[in-house]
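Okay, structure first, notes after.
The values are calculated or read from the model by the stated rules, or taken from the named source; none is laboratory data. In this text, all values refer to a predicted model and were calculated from it rather than measured experimentally. Here the Cβ is made from the backbone with ideal geometry for all residues, glycine too, and neighbour counts use every protein chain on show.
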Amino acid sequence: MRTRSAKALGAIAVLSAAALVFAGCAAGNTAPNASDSPSAELPTVDWDAAAAGDVQDGGTLNLAVGALPVNYNNSQIDGNDVDTNTILSSTAGGPLRITTDGATEVNPDYASSVELVSDDPQVVEIKLNPKAVWEDGTPITVADYEATWKALNGSNADYQVVSTTGWDQIGSVEQGSDEFDVKITFSSVFADWQSLLGGVLPAAVANDPVAFNTGYTAKALPSSGPFAISKIDQTGQVITLTPNPMWWGAKPKLETILFKVVSQAQQGSSFANKEIDALYISSNADLFATAKSREDAEIQATNGLTWTHVTMNAKEGPLSDVNVRKAVASVVNREQISAAANTPVEVPAVTQGDYIFMAGQEGYQDKALPYDTAAGETFLKDAGYTKEGDSWMKDGEALKLTVTVPADTATNIQRAEQVQADLGDFGIPVELTTVPAAQYFSDYVIPGNFEMVTFSWQGTPFPISSSEALFYPLDSGQNFTGTTDDKLGDLWTKANTELDPDKRIEIANEINDTIWSYVPMFPIAPLPNVWAVKQGLVNYGAAMFGYSPVDWTIVGWKK
């Protein structure tokens, strides 16, 4: 996912725009399959489920985020981070929604039907719910879909979008029988078409690049969900959400949702002191131990779509040499990092070796360079380095690197320290450069102001199409590596236009092999979704697909 601001357990980045628009079962989705992988031992949902009639009316839910959004438009590059998406998840929705097992279904609040009505040309028809309106009462119509498509399809460089994937394969968005009948015609086949149908922007926003880019840096987008942001307290660092007065669906149970900015270092104690009601732990051992000290805490754990990695900036410097990147990837002990992260939170420790699929999913192939210091030496020698004493030298200069880490994000720092130790023992000194968490992505990761960074990408239900922007093209809004392989363009075009699931996986495996050939980053481990919640909280907590399947109208406190 940018999974691009610090989340409770570290910086996480959201994997392309598809992470913002939920969809499900199609060729290549990430619904888990039976597997011998230890990760398959965990469920896909572990929260306490309750029917609406068993949930109290009223009450407040207190949650923590690492930072306030820098842009409340999460289709704009600075707004595509996990905290922002979480905050906005109760304020938006669309024709399709994710189920708890990773499939999709039509969301009747927003549409009565979503159908692929033609294969050649590919045409999707959406029958919108006429009751669905924006926060100001304006109906959600085909005009919003057309404007959103034009903003996100890459035809106007003034729009600073997260990703154009899929949107750039739409030829037209037109009105059918009336303004609530949307017909989307694709200029070329896009297999993951459902990934585009989670929601849209208001036409007034999407039609104006200034409004799109900077109009919502200090205020919220108009809500189209059961809740609306009613107050942004910049001084107190608190966002207040209350029921959307224009909401046409079932009345939400909660009276208030509060998102409080709490540094990662303080979130454990904040939960233990009963200041927040739910805590995302992931693989943070300190948070896990602190959370368990609360007498009314309930620990939940599921599989997840988030994976940690080290991204290497190949734009310039030593890491512009592929053999140096391969050496680094060979010398870092990924198994040890995974064990150190997952064992203390009592979940299986596995590594991630595929750039597209998660471990335990159909199509997954572990092609990672194995932990092998001898191979690392060979790679460095191929890059022209020689070992002189404890250092690797080339042209009279010792090889040394830096890792830029966000302050107060324990898991990022711990991971960077382990990378530092492994490379240091090998003879490559690594300096950790600590920067403010709130500016980590905007000032360092996105502009490429780093040599190495480690954070997490949060995947989507459509890993093939949504992962493209991480690696191709070179100037993609999410390719922070400073390099690419031109072969990827044709490969992703083939994958995104292939409707046969088995053939799509074959192409995805070829993409995986291609990326491993030049190693712009190396995955480390999939992160579990480990949560601690206050007993009595229902319909919210640990789920493989994150906040995607949350029905905010029934989140609340059990009667």
So, in region 47-68, how many residues would count as being closer than 30 Å to L128 by Cα and crowded, with 24+ Cβ neighbours inside 10 Å? 0
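For A437, state whether it is among the small types (G, A, S) and more than 25 Å from F288 (Cα to Cα). Let's see the steps before the verdict.
Details: among the small types (G, A, S): yes; more than 25 Å from F288 (Cα to Cα): no.
No; evaluated as a whole, the condition is false for this residue.
Listed here are the residues, each with its yes/no results for (1) farther than 25 Å from Y547 by Cα; (2) surrounded by 21 or more Cβ atoms within 10 Å (Cβ to Cβ).
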{"residue": "W248", "(1), (2)": "no, no"}
{"residue": "L254", "(1), (2)": "no, yes"}
{"residue": "A265", "(1), (2)": "no, no"}
{"residue": "L279", "(1), (2)": "no, yes"}
{"residue": "A285", "(1), (2)": "no, no"}
{"residue": "G304", "(1), (2)": "no, yes"}
{"residue": "A314", "(1), (2)": "yes, yes"}
{"residue": "E335", "(1), (2)": "yes, no"}
{"residue": "A341", "(1), (2)": "no, yes"}
So, of the residues in region 422-439 that are over 19 Å from R325 (Cβ atoms) and out of contact with any helix residue (DSSP H, G or I) (no Cβ under 9 Å at 6 or more places or on another chain), which turns out to be modelled with the lowest pLDDT? A438
For A469, work out the one condition from (1) in contact with a Ser or Thr (Cβ under 6 Å, 6 or more places away or on another chain); (2) assigned to a helix (DSSP H, G or I); (3) more than 20 Å from T308 (Cβ to Cβ) it doesn't fulfil. (3)
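Based on this model, can you work out whether E498 counts as among the charged types (D, E, K, R) and within 19 Å of Q352 (Cβ to Cβ)?
No; evaluated as a whole, the condition is false for this residue.
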On the basis of being over 19 Å from the mean Cα position of the chain (by Cα), of a type outside the set (F, W, Y) and either within 22 Å of L197 (Cβ to Cβ) or assigned to a loop (DSSP other than H, G, I, E, B) (or both), does L488 make the cut? no
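For region 125-157, what are the residues that are charged (D, E, K, R) and within 24 Å of the chain's Cα centre (by Cα)? Talk me through it step by step, then tell me what you get.
In the first step, residues of region 125-157 are kept if they are charged (D, E, K, R); the result is 125, 127, 131, 135-136, 144, 146, 150.
Correct list: K150 only.
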What is the one condition in (1) more than 29 Å from F462 (Cα to Cα); (2) surrounded by fewer than 21 Cβ atoms within 10 Å (Cβ to Cβ); (3) in contact with a helix residue (DSSP H, G or I) (Cβ under 8 Å, 6 or more places away or on another chain) that E388 does not satisfy? (3)
Looking only at region 407-429, decide whether some residue is buried (at least 17 other Cβ atoms within 10 Å of the Cβ) and in a strand (DSSP E or B). no
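Could we say that S442 is in contact with a helix residue (DSSP H, G or I) (Cβ under 8 Å, 6 or more places away or on another chain), crowded, with 21+ Cβ neighbours inside 10 Å and of a type in the set (G, A, S) here?
Details: in contact with a helix residue (DSSP H, G or I) (Cβ under 8 Å, 6 or more places away or on another chain): yes; crowded, with 21+ Cβ neighbours inside 10 Å: no; of a type in the set (G, A, S): yes.
Here the answer is no, as S442 does not meet what is asked.
Return yes when T44 is surrounded by fewer than 23 Cβ atoms within 10 Å (Cβ to Cβ), of a type in the set (S, T, N, Q), closer than 30 Å to E498 by Cβ and modelled with pLDDT of 50 or more and no when it is not. Lay out the reasoning, then the answer.
On the way: surrounded by fewer than 23 Cβ atoms within 10 Å (Cβ to Cβ): yes; of a type in the set (S, T, N, Q): yes; closer than 30 Å to E498 by Cβ: yes; modelled with pLDDT of 50 or more: yes.
Spelling it out, T44 is indeed surrounded by fewer than 23 Cβ atoms within 10 Å (Cβ to Cβ), of a type in the set (S, T, N, Q), closer than 30 Å to E498 by Cβ and modelled with pLDDT of 50 or more.
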For region 491-534, how many residues are of a type outside the set (A, V, I, L, M) and either within 21 Å of the chain's Cα centre (by Cα) or at positive phi (or both)? 10
Evaluation of T84 against (1) crowded, with 24+ Cβ neighbours inside 10 Å; (2) in contact with a strand residue (DSSP E or B) (Cβ under 8 Å, 6 or more places away or on another chain); (3) outside any helix (DSSP H, G or I) (one fails), failing number: (3)
Region 108-134: number of residues that are of a type outside the set (D, E, K, R) and touching a Gly at 6+ places or on another chain (Cβ under 6 Å): 1
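Residues of region 151-167 being out of contact with any Phe, Trp or Tyr (no Cβ under 9 Å at 6 or more places or on another chain) and closer than 23 Å to Q194 by Cβ, which ones? Break it down into steps so the answer makes sense when it comes.
Applying the first criterion (out of contact with any Phe, Trp or Tyr (no Cβ under 9 Å at 6 or more places or on another chain)) to region 151-167 yields 155-157, 162-164.
Matches in region 151-167: S155, V162, S163, T164.
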For region 444-460, which positions are over 19 Å from the mean Cα position of the chain (by Cα) and not in a loop (DSSP other than H, G, I, E, B)? M452
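Quick one: which of A218, A265, A250, A278 is farther than 22 Å from T553 by Cβ and out of contact with any Asp or Glu (no Cβ under 6 Å at 6 or more places or on another chain)? Give the derivation first.
On the way: A265 fails: out of contact with any Asp or Glu (no Cβ under 6 Å at 6 or more places or on another chain); A250 fails: farther than 22 Å from T553 by Cβ; A278 fails: farther than 22 Å from T553 by Cβ.
Selected residue: A218, the only one of A218, A265, A250, A278 that is farther than 22 Å from T553 by Cβ and out of contact with any Asp or Glu (no Cβ under 6 Å at 6 or more places or on another chain).
What are the residues in region 93-104 that are hydrophobic (A, V, I, L, M, F, W, C), out of contact with any Pro (no Cβ under 6 Å at 6 or more places or on another chain) and buried (at least 23 other Cβ atoms within 10 Å of the Cβ), if any? Let's see the steps before the verdict.
Let us first name the residues in region 93-104 that are hydrophobic (A, V, I, L, M, F, W, C), namely 96, 98, 103.
When the remaining residues are screened for being out of contact with any Pro (no Cβ under 6 Å at 6 or more places or on another chain), the result is 96, 103.
Within region 93-104, just L96 meets the criteria.
Going residue by residue through region 364-383, is there one that turns out to be among the polar types (S, T, N, Q), under 30 Å from D101 (Cα atoms) and crowded, with 22+ Cβ neighbours inside 10 Å?
no
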Test result for T481, among the β-branched types (V, I, T), assigned to a loop (DSSP other than H, G, I, E, B) and crowded, with 24+ Cβ neighbours inside 10 Å: no
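Let's see how each residue does on (1) surrounded by fewer than 24 Cβ atoms within 10 Å (Cβ to Cβ); (2) in a helix (DSSP H, G or I):
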position: W492; (1), (2): yes, yes
position: L499; (1), (2): yes, no
position: T514; (1), (2): yes, yes
position: S517; (1), (2): yes, yes
position: I524; (1), (2): no, no
position: W531; (1), (2): no, no
position: Y547; (1), (2): yes, no
position: D551; (1), (2): yes, no
position: W557; (1), (2): yes, no
